[in-house]
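Below is one structure; the comments refer to it alone.
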Amino acid sequence: MSRPQRQADASFALHPHARRVIAKLTTFPEAIGSGKLKVSGNPMQLAELMALMDEFPRMFEIVEPKRVVVT
């Protein structure tokens, strides 16, 4: 027996401008207001999702030198 499929609370079309939102170069409200990002459903669900994302420094060391303990 198959389960009924749930509708998404919200969705957005992922296109190049969405990457700017994810990179925090712009915000969802700015992107939606300018017409560059279209949302269907509840946009507050997308805001909640973005609030859960961790933020990392843009410039971080990918490989660090081996640390040696001098005694």
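The values are calculated or read from the model by the stated rules, or taken from the named source; none is laboratory data. Here the structure is a predicted model, which is why all the values come from computation and not from measurement. Cβ coordinates were reconstructed from backbone atoms using ideal geometry, including for glycine residues, and neighbour counts include every protein chain displayed. Just so you know, the surface numbers come from the protein's heavy atoms only, side chains and all, with ligands and any DNA or RNA stripped out. Shrake-Rupley method; radii C 1.70, N 1.55, O 1.52, S 1.80 Å.
For the chain, the Kirkwood estimate of the hydrodynamic radius, built from every pair of different alpha carbons, is 15.4 Å. Could you name the aspartates and glutamates whose alpha carbon sits less than 17 Å from that of residue 24, not counting residues in the same chain fewer than 8 places away? Reachable aspartates and glutamates: 48, 54, 55.
With θ taken as phi - 60° and the Karplus curve 6.51 cos²θ - 1.76 cosθ + 1.60 applied, the whole-hertz 3J(HN,Hα) list for the range 22-37 is 4, 7, 6, 8, 8, 10, 4, x, 5, 5, 5, x, 7, x, 7, 9 Hz, x standing for glycine and proline. To put it simply, the accessible area of the chain at a 1.4 Å probe is 59 percent carbon and sulfur.
Can you give the relative contact order of the chain as a percent, counting alpha carbon pairs under 8 Å and 6+ residues apart?
Numbers: 36 pairs, mean separation 23.3, N = 71.
So the answer I get is 33 percent.
Taking 0.36 nm per residue of sequence separation and subtracting the Cα-Cα distance, how much length would be gained by fully extending the chain between residue 22 and residue 34, in nm to one decimal? Walk me through the numbers on the way to the answer.
Details: separation 12, 0.36 × 12 = 4.32 nm, distance 1.63 nm.
Extra length available between residue 22 and residue 34 comes to 2.7 nm.
For the pair residue 48 and residue 7, label points projected 7 Å from Cα toward Cβ lie 1.6 nm apart.
Enter the accessible area per residue of the chain (Å², integer; probe 1.4 Å; all protein chains in place). If you can, show how the numbers build up before the last one.
Working: 6860 Å² over 71 residues.
That works out to 97 Å² per residue.
Ranking 67, 19 by solvent-accessible area of protein heavy atoms (1.4 Å probe, all protein chains present), from largest to smallest, gives 67, 19.
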